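Some notes on the structure that comes next.
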Amino acid sequence: MRVLLISNMWPSLKHPHYGVFVENTYRELLRDGLDVSKIAICKHDTLFGKLKEYAFFFIKVVLGIASRRYEVVYAHYASHTACPILIGRVLNPRIRVVVNVHGNDIVPETGKDAFFVRHSKKLIAIAKFVISPSEYFARILEADFFVPREKIVVYPSGGVDTRLFAPRDRKLSREKFSFEKSNYVIGLFGRIEKDKGWDVFLQAAAQLIEREDKDYKLFVIGEGSCEKEFWDLASRLNLRPYIEKRDMVSQHVLADAYSAVDVFVFPTRRASDSLGLVGLEAMSCQALLVVGDKYGPSSYAVDGWNCVCFDPFRWESLYEALSFVTSIGDERIVDAIKGRARETALEYDSAKSSGKLTRVFEDIAGER
């Protein structure tokens, strides 16, 4: 079976993390022996570059489908791939469509997103299967897009590499980031964007530092469009001396970072966060996870069992959660939560997920 994978997200040297989960699924299909070609575009920083890339992308997708060389088109990010697929399908109505949804292609965050979601609905309506990153998104597909459950395949964006994201020697990991033995390190890793919860994190941390007698460090890894607002708020809250910040790092460095923190906070309140692999990576490294109880993370986070949950819309709730975990006196309780967190992450292991996606295309091939 010949598969044409199309995506408007793909990693580049300048943006190595952009669309890396799409590249991972592409490599997985190749490893499993499928005949897969791709048409994809990388992130561009200029409007002209973006428009040019999308124009060529659009034409290549239509011609690729019309060529009749492929039996299936596998689309990532439904909203931005819908138009060329729908046009190409007019020229080749026999091609089957598999759609992988990700975030605001079905859960709009802005008015612009809502416009593009209309295209997503048209594409999803003709799809043979719809790949969902989580049970949370599967429920949205059923309720809002009227997709029959038998057409939905839950596949967690390639899963977590639990061999890479595994517990490491805490002392060595902390030394790599120059943390002192006395430091109590609270981590926040991810994009500094609207509704990612960095503001709630800073407000809760400010209260914690003011009221609790510990040598706190706030370890932040990430970058994004709200960095100025991040630092402005940090300055108003007098947090700058406590913050150790780095831009995006490699996954190997990130694995050390998870092992270096005492607590890891995942405060997203973005409804389009379909799964939240960051939280699962932290769990896989046996970091003590404090996580918002809404949206994607609700698929795996169980309060008091494998993490500590809070309301991501209220910084007071995060402060209470952090105050609770920092006051746990019995290390056996913390170790038990961390152990169950690792067990949870293993359920999302890349190797365990491997083959599930391939079987979707094998099922289609078997119908011929």
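The values are calculated or read from the model by the stated rules, or taken from the named source; none is laboratory data. Just so we're clear, the structure is a prediction, and the values are computed from it rather than from any experiment. We place every Cβ from the backbone using ideal geometry, glycine too, and count neighbours over all the protein chains shown.
Sort out which residues of the stretch 31-62 are of a type in the set (Val, Ile, Thr) and touching a helix residue (DSSP H, G or I) at 6+ places or on another chain (Cβ under 6 Å), and write them in order of number.
VAL36, ILE39, ILE41, VAL61, VAL62
With the condition being crowded, with 22+ Cβ neighbours inside 10 Å and in contact with a Cys (Cβ under 6 Å, 6 or more places away or on another chain), I'd like the strands (runs of 3 or more DSSP E) fully within the stretch 63-150 carrying at least 2 qualifying residues.
Output list is empty.
Go through (1) of a type outside the set (S, T, N, Q); (2) touching a helix residue (DSSP H, G or I) at 6+ places or on another chain (Cβ under 6 Å); (3) at pLDDT 95 or above; (4) surrounded by 15 or more Cβ atoms within 10 Å (Cβ to Cβ) and name the single condition GLY158 misses.
Against the list (1) of a type outside the set (S, T, N, Q); (2) touching a helix residue (DSSP H, G or I) at 6+ places or on another chain (Cβ under 6 Å); (3) at pLDDT 95 or above; (4) surrounded by 15 or more Cβ atoms within 10 Å (Cβ to Cβ), GLY158 comes up short only on (3).
Select, from ARG269, ARG236, ARG246, the only residue that is out of contact with any His (no Cβ under 6 Å at 6 or more places or on another chain), of a type in the set (D, E, K, R), surrounded by fewer than 18 Cβ atoms within 10 Å (Cβ to Cβ) and within 23 Å of GLU320 (Cα to Cα).
Being out of contact with any His (no Cβ under 6 Å at 6 or more places or on another chain), of a type in the set (D, E, K, R), surrounded by fewer than 18 Cβ atoms within 10 Å (Cβ to Cβ) and within 23 Å of GLU320 (Cα to Cα) holds for just one of ARG269, ARG236, ARG246, which is ARG236.
Please indicate, with yes or no, whether at least one residue in the stretch 12-22 is assigned to a loop (DSSP other than H, G, I, E, B), of a type in the set (Ser, Thr, Tyr) and surrounded by fewer than 19 Cβ atoms within 10 Å (Cβ to Cβ).
Yes, there is a match, as at least one residue in the stretch 12-22 is assigned to a loop (DSSP other than H, G, I, E, B), of a type in the set (Ser, Thr, Tyr) and surrounded by fewer than 19 Cβ atoms within 10 Å (Cβ to Cβ).
Identify all residues within the stretch 336-364 that are among the aliphatic types (A, V, I, L, M), surrounded by fewer than 15 Cβ atoms within 10 Å (Cβ to Cβ) and closer than 14 Å to LEU29 by Cα; write none if there are none.
Passing the criteria: only ALA351.
Of the residues ALA282, ALA257, ALA287, only one is part of a loop (DSSP other than H, G, I, E, B), under 20 Å from ARG170 (Cα atoms) and modelled with pLDDT of 95 or more; which?
ALA287
Filter the stretch 12-36 down to the residues that are of a type in the set (D, E, K, R) and under 20 Å from the mean Cα position of the chain (by Cα) and list them by number.
LYS14, GLU23, ARG27, GLU28
Give me a count of the residues in the stretch 23-55 that are among the aromatic types (Phe, Trp, Tyr) and either surrounded by fewer than 18 Cβ atoms within 10 Å (Cβ to Cβ) or farther than 11 Å from LEU5 by Cβ (or both).
Filtering the stretch 23-55 for residues among the aromatic types (Phe, Trp, Tyr) gives 26, 48, 54.
Next, only the ones that are either surrounded by fewer than 18 Cβ atoms within 10 Å (Cβ to Cβ) or farther than 11 Å from LEU5 by Cβ (or both) stay: 48, 54.
Qualifying residue count, the stretch 23-55: 2.
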